[in-house]
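Computed from the coordinates by the stated procedures, all read-outs in this text should not be read as laboratory data. Quantities reported herein were computed from a predicted structural model and do not represent experimental measurements. Counting neighbours? That spans all protein chains shown, and the Cβs are built from the backbone with ideal geometry, glycine included.
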Amino acid sequence: MPYQEAAQLVRAFRQGDQQAFNRLVALYQRKIYNLALGYVKQEDEAKDLAQDIFVTVFRQIDKLKDESKFGAWLYQLAMNHCRNRYQKLRRRGFFSNQSLDDTETGLNLSSGATPEKEYERQNTSRLVREAIASLAPAEKEVILLRDLQELSYEEISEILGLPMGTVKSKLNRARLALKNRLKHFL
Amino acid sequence: MQCTEAQTLFTDFADNTLGREELHVLTDHLLGCQTCAKEWREFQQILSLVRNLETQTPPADLLPGIHAKLAQRGIFDRAWALVKSLNFSLSIPAAATIFTLAMLAGFLLKTSPLEPPAALSSRPARISAKSHGEVLTPRRLPIAPNTMFAVSHDGGSRNELLASLAQTAPTTRRPAADHTPRLLSPDIHVLIEKIDHESQVVLCREIVRHNWQLHRITANLFLVHLPQAELGNFHELLGRHHYALAPAAAAEARFGYGKTVLTAAIRFE
Ligand SMILES: [Zn+2]
């Protein structure tokens, strides 16, 4: 994570440099977009969500106390946005046609398809993505932050406001849950 | 060691962070328990699948979309909603004008879109400072979302334009010593109703002809920077249209006297 560059940009942005905001977006958009995509799965929603996250960054930058903590602050803000959006979409039945959302059903197989055939038909990464998106929010978050965003346990602990031990045990549970959803495809 | 206990150690095992003792007990269990050995193999496979997922490239219109959202939901619209809610063709009592300005300035200063406007009306001191061209908030520098959408018609480089816009005054007219950061909030709000596209273009051309700096914020929202001394000419231009002004005092040529440059936001409806 380019901490120093981010801190400099945050400082410049606070001093009125509009371009610094654009550069901050450029620096983090890939991470934030993929985080959002991992959370809500659907691309248009992910884009909209990522945009809302940066709009909030723009508006609330003065609430950030320590410029060197921009990354953690951004992720916290992003997680809140993701949770809210997820709840909203869920209430609207956005995930209801995706049986993956139900912890018990395992992967969504089209009728008559064997796991092997399905595995051949769909590409692996899509399956993995779907399985991640289908996890319960608390499980999904640690997987996204650790295995996809490659953040350290310290960083995750700060972002989620949980002790490191809790982060680790949550992560282990989340990985086991993911394994149970995907093991038929191995 | 129980199977469930063994499996709680998988992440530590994968991270290579198990203590000597635990490592010993776990490997012993895995050697003796086929179920857990299989679980561990699958765990590793899944982990490598997840870690090898490629990140997706964000859509190219992500940043423009952020700009659009800032413009759409931004302070301008909120300010305009307030302007529109009052009928400016009637004369507004001075107190009400100050209140409205306080609301507008409050909105233009807000970072959080969620705070109720009521909390903003108690800042008349700031407003009187504003009308004398002083810095509104020394700490918070101009980061009004609208500044990012500035497009000029004078052909200067983008960075210069943004910088000059952030300083409120046009580059060519700004006194060299004036490096005081100023909040980019319009001094005057103009609402022009029932205007067709052609007349809009004519008005914009006139503004440019007067050598006033013109910035297009959105299709129907423009910012104009003009010398205070030329406010009378500005009124003359507006007089050809059906328009409303806020604050009411801006209808007088000496409005903003003491300031070198005034910023007017023009909204076409
Ligand atoms: Zn076992």
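Assorted remarks:
- Over segment A:1-98, relative contact order from alpha-carbon pairs under 8 Å, at least 6 apart, %: 32 percent
- Overall Cα dimensions of segment B:3-50, principal axis frame, Å, largest first: 29, 23, 15
- Length gained on full extension, B:Thr57 to B:Val208: 50.3 nm, using 0.36 nm per residue less the C-alpha separation.
- Inter-chain shielding of A:55-67 (mean C-beta neighbours from other protein chains, 10 Å cut-off): 4
- Phi angles across segment A:14-30 convert, under the Karplus curve 6.51 cos²θ - 1.76 cosθ + 1.60 with θ = phi - 60°, into 3J(HN,Hα) values of 5, 8, x, 7, 5, 5, 4, 5, 4, 6, 4, 4, 4, 5, 10, 5, 5 Hz, Gly and Pro given as x.
- Pairs of lysine residues in segment A:1-98 - Cα separation under 19 Å, sequence separation of 8 or more or cross-chain: 5
- Cβ-derived FRET efficiency at R0 22 Å, B:Arg254 paired with B:Glu193, nearest 0.05: 0.25
- Using the Cβ-Cβ distance between B:Thr218 and A:Gln42 with R0 set to 30 Å, the FRET efficiency from 1/(1 + (r/R0)^6) comes to roughly 0.60.
- Other protein chain C-beta atoms within 10 Å of residue C-beta, averaged over A:43-54: 4.
- Least to most buried among A:Lys63, A:Lys140 (fewest other Cβ within 10 Å first): A:Lys63, A:Lys140
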